[in-house]
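**Q** Have a look at the structure that comes next, please.
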Amino acid sequence: MDVTRFRFKTLQARLLVLLLIPVVVILLVGGVASFWYARGIMLDQWNESAVVKLQRAAHYIEMRLLKPVDLLNALFQASERTAAIVSPEQVTGFLQVMEGVVSAEYAPAAGSQQSFKEKVMPGMGHMDRMNADMQQGMRFFRSKIASVSGPSYQAGRDGQTVTMRITLSGPSGEILGHLAIRMQFDYLLKDILALGWWQSDMACIVDETGTYMAHTNMAMTDRRSLGGSDDPLEQAILKNMDSQSFGTVASQGHPPDQVAGFYKLDQVPWTIIMFADGEKILGPIVTYRNVLALGIFVLAVLVLILIRFHMCRMVGQIQQLSTKAEEVADGDYGAPIPVESRDEIGQLVESFNDMVKGLEERDHIRNSFGRYVDPEFARTLMNRPEEGQLGGSRREAVMLMSDIRGFTRLSENLGPELIVALLNRYFSHMIEIIQNHHGIIVDFYGDAILVFFDPLDEPLQDTAWRAVRCAFAMQEKMPGVNRELQEQNLPDLAMGIGIHSGQVVVGNIGSRTRAKYGVVGPAVNVTSRIQARAEKGQIIVSESVLEKVKHRVAVIDSAEVDLKGVDHAVTLYVITPESG
């Protein structure tokens, strides 16, 4: 029994593992997948937001940086429409009064008329000077912006400034001169500083070489260029800047320590970079991760408790089945196992109970009514409780006995194997016929068969007719039996049958360990004596049987004989089925 318990414990552990592991794996896979999905969404949202902010900042810088260019274009277009002459001094004057402009200087190109004027001016007359000024003004107001150089950053005593050089060309495309406009760097960042992200997150502006032009982190005042500290994140930013106009980069870690976004200005070779704390951005997803892990743990524990609860019940029922099976194997059927559920285990228990009930019924049939009783007729007997008890009752029944004629002499000439094969072939057909007519085989006496027919709840006339019909069927089967014997090179058989009815004791005869349903009494002996008078193929009945079936059979012969054990002569009748 200890081994059985150990096996069930092993089964319980195995089922727990097989059920719990898939549940935990599914929860973990689902949780990790949802975490990474939510993490990706939040990073994408930050990326989009960062790019929009950087794009807006770049627009503000370019807009302020190109205001002098827009002013020059407006002056040249207005001068051309109104034919007004605009001098370089007037243009620089307009530029110097613009917000954020520190200085504006015009330098004529070498070889231009202005340069010639400066060289010959001392020897000119008053009129010549006026004409030269007019000609120079005419050329300047008809000039155009040929190119705008990238702004250069300077940090000096005047603070941080940016110098932008504008090249002017004449109507024929010749270079007239250059405008150098110096602007305050803080003015360019004026609108950017008003953006919330500039104060709350670390940000910087670098030129095309990665040199810092401005930054918001005071701890980086000694830093001169991006990537100078060999920081992996800054190195990744520099690498992406070579191939992309804008983008985002994240550092290592889950969540990353930092994420950064960059955006290159279109008109200026500068790049704006914004840094943010990874935990700040991914704080909600980190919380979600922790809550998810806790939820998975709690759910796994709950599933474990539920599985163990149901598993113990299921394993307990299986253990009951095992114990019950051992008891049934020992012949102790006992009470059925209670069915505690309607699931598969409950159905198994119910099926097991049905199986045990069938085994018990089969054994009861075999023990109570013998092996050679038709199962349906045996169940009919079992519905009568008194028939299953040891002992019996006295009543009139019909007995039939058959015997093979000349079998003793035949067996002397055959070997034992052939005798057994011959009898088995003969008995198999006779037993089937007897069971079909609800006859109860009491016993086999060598080649003889003793059968009785119990009237139960039917009239005795019907019982006698059932016995006679059984005898007719047995004799009718003999030609077929002989054909089968001939195929096996066995000799033919001939059978005589005697039928008698009388008072007998019917019931279970034997002990509680082994009993047989049968009959005893003088009428059984009389049946044996009648059978001995039957010749090959004959069916002989007593007068008591003939009285019950005389309207259904034909009598072909009769004789009054003395039978051993009977104190008076009896009349016997040879019958056949009634013709027509």
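The values are calculated or read from the model by the stated rules, or taken from the named source; none is laboratory data. Keep in mind that what you see is a predicted model, and the values were worked out from it rather than measured. With ideal geometry, Cβ positions are generated from the backbone for all residues, glycine too; neighbour counts draw on all protein chains shown.
**Q** Filter segment 267-294 down to residues that are touching a residue at least 60 places away in the same chain (Cβ under 8 Å) and part of a helix (DSSP H, G or I), then give me how many there are.
**A** Number of matching residues: 7.
**Q** Restricting to segment 306-342, name every residue that is part of a helix (DSSP H, G or I) and small (Gly, Ala, Ser).
**A** GLY316, SER322, ALA325, ALA329
**Q** Please enumerate the residues belonging to segment 301-355 that are under 26 Å from VAL17 (Cβ atoms), surrounded by 14 or more Cβ atoms within 10 Å (Cβ to Cβ) and hydrophobic (A, V, I, L, M, F, W, C).
**A** VAL303, LEU304, ILE307, MET311, MET314, VAL315, ILE318, LEU321, ILE345, LEU348, VAL349
**Q** Every residue in segment 434-465 that is aliphatic (A, V, I, L, M), part of a helix (DSSP H, G or I) and crowded, with 19+ Cβ neighbours inside 10 Å, please.
**A** Across segment 434-465, the qualifying residues are ILE434, ALA464.
**Q** With respect to the numbered conditions (1) of a type in the set (Phe, Trp, Tyr); (2) farther than 30 Å from VAL481 by Cβ; (3) modelled with pLDDT of 80 or more, which one is the sole condition not fulfilled by PHE352?
**A** For PHE352, the failing item is (3).
Rundown of residues vs (1) in a loop (DSSP other than H, G, I, E, B); (2) modelled with pLDDT under 85; (3) within 24 Å of PHE452 (Cβ to Cβ); (4) of a type outside the set (Phe, Trp, Tyr), yes/no style:
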residue	(1), (2), (3), (4)
ARG395	no, no, yes, yes
VAL398	no, no, yes, yes
MET401	no, no, yes, yes
THR408	no, yes, no, yes
SER411	no, yes, no, yes
ILE419	no, no, no, yes
TYR426	no, no, yes, no
HIS429	no, no, yes, yes
GLU432	no, no, yes, yes
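**Q** Taking the options TYR37, TYR60, name whichever one is at pLDDT 75 or above, surrounded by 14 or more Cβ atoms within 10 Å (Cβ to Cβ) and hydroxyl-bearing (Ser, Thr, Tyr). I'd like the intermediate steps shown before the answer.
**A** Numbers: TYR37 fails: surrounded by 14 or more Cβ atoms within 10 Å (Cβ to Cβ).
On inspection, the qualifying residue turns out to be TYR60.
**Q** Across segment 538-572, which residue is surrounded by the most Cβ atoms within 10 Å (Cβ to Cβ) among those that are among the hydroxyl-bearing types (Ser, Thr, Tyr) and either under 17 Å from GLY496 (Cα atoms) or modelled with pLDDT of 95 or more (or both)?
**A** Top of the filtered list is SER542.
**Q** Counting only residues that are of a type in the set (Lys, Arg) and over 59 Å from the mean Cα position of the chain (by Cα), which one in segment 52-72 is farthest from CYS204 (Cα to Cα)?
**A** Only one residue tops the list, namely LYS67.
**Q** How do the pairs read when you match residues in segment 96-116 that are under 27 Å from GLY156 (Cβ atoms) with residues anywhere that are modelled with pLDDT of 70 or more and aliphatic (A, V, I, L, M), using Cβ under 6 Å and keeping only pairs 6 or more apart or on different chains?
**A** GLN96/ALA104; GLY100/MET183; VAL101/LEU95; VAL101/MET183; ALA104/LEU95; ALA104/ILE181; GLU105/ALA180; TYR106/LEU179
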